[in-house]
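Engineer: What follows is a single structure, and I will ask about it in a moment.
No value in this document is a laboratory result; all are computed from the given coordinates. Remember, it's a predicted structure, so these values are computed and weren't measured experimentally. Here the Cβ positions follow ideal geometry from the backbone for every residue, glycine too, while neighbour counts run over all protein chains shown.
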Amino acid sequence: MDQKNIDSITLGAGCFWCVEAVFQELKGVIQVESGYSNGDPKIRPSYHEVCSGNTGYVEVLKVSYDPDIISLETLLEVFWYTHDPTTLNRQGNDRGTQYRSGIYYNSEEQNAIADKSRDRIEAEKIYPDPIVTEIVPLENYFSAEQYHQEYYNQNMSNPYCTYVITPKVSKFRLRFKELMK
């Protein structure tokens, strides 16, 4: 595959284990990587530090994709429907700034697509409350520790995976079955 046809977008939608479990199943997604972004530039974050809520970092998923197979618009549609973009610094029982909803773009083109996508979701009144998702440039990205990569695939019997991630993945598979690998 020609590397010039690969793009990436970084998304925050709560726990990165949940986000990874969904996006890795999409046709056109080449790679997913759990990480941390948009925090204090003086800190090289670790999971423990990010969980403290004192670093400004958000748990994110870097999604590398082939735009000839899946568009950024489609990726963002999945993003909007697989988490709650109306809860500030919270997804389910996960609370703190590290779980905030965010689209972290790499270019002004991505910024425009993200803004348009958010405006469409708001206009369609998909959610009863206002969207609080931040749409800002990607800054200070760091890959998460290795044990966070492919977490769901390697830990499906973990209670968090069983009770939180599996239902989310099942819901995703029903709604977006035509987009799955």
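Engineer: Calculated from DSSP H runs of 4 or more alone, at -39500 (n - 2.57) each and per residue, what is the 222 nm mean residue ellipticity of the chain, nearest 500?
Structural biologist: -8000 deg cm²/dmol
Engineer: With semi-axes √(5λ) of the Cα gyration tensor in Å as the read-out, I listed [x] 31, 19, 14; [y] 21, 19, 18; [z] 31, 26, 15; which label goes with the value calculated from this structure?
Structural biologist: [y]
Engineer: Using only Cα atoms, locate the centre of the stretch 28-98 and the centre of the stretch 127-165, then give the distance between them in Å, rounded to an integer.
Structural biologist: Cα centres, the stretch 28-98 to the stretch 127-165: 6 Å.
Engineer: Turning to a different aspect of this structure: Along Cα→Cβ, 7 Å out, is where each label goes; now give me the distance between the ones at N158 and D115 in nm to one decimal.
Structural biologist: Going by the 7 Å Cα→Cβ label model, 3.8 nm.
Engineer: While we're looking at this one, here's another question. Calculate, in nm to one decimal, what D129 and K4 gain on full extension: separation in residues at 0.36 nm each, minus their alpha carbon distance.
Structural biologist: 41.1 nm
Engineer: Taking neighbour counts of Cβ atoms within 10 Å as a proxy for exposure, in what order, fewest first, do C161, C51 appear?
Structural biologist: Details: C161 19, C51 16.
Taking fewest neighbouring Cβ atoms as first place, the list is C51, C161.
Engineer: Please turn the phi angles of the stretch 16-30 into ³J(HN,Hα) values with the Karplus equation 6.51 cos²θ - 1.76 cosθ + 1.60 (θ = phi - 60°), one per residue in order, whole Hz, x for glycine and proline.
Structural biologist: Whole-Hz 3J(HN,Hα) from phi for the stretch 16-30: 5, 4, 5, 5, 4, 4, 7, 5, 5, 8, 7, 4, x, 7, 8.
Engineer: Moving to a separate point now. Report, in debye and to the nearest 20, how large the dipole of the stretch 55-181 comes out about its Cα centre when Lys and Arg carry +1 and Asp and Glu carry -1 on their Cβ.
Structural biologist: Once rounded to the nearest 20, the dipole reads 600 debye.
Engineer: Same structure again: Using packing as a proxy for protection, rank 145-152, 5-12 so that the peptide with the highest average count of other Cβ atoms within 10 Å comes first.
Structural biologist: In decreasing order of mean packing, 145-152, 5-12 become 5-12, 145-152.
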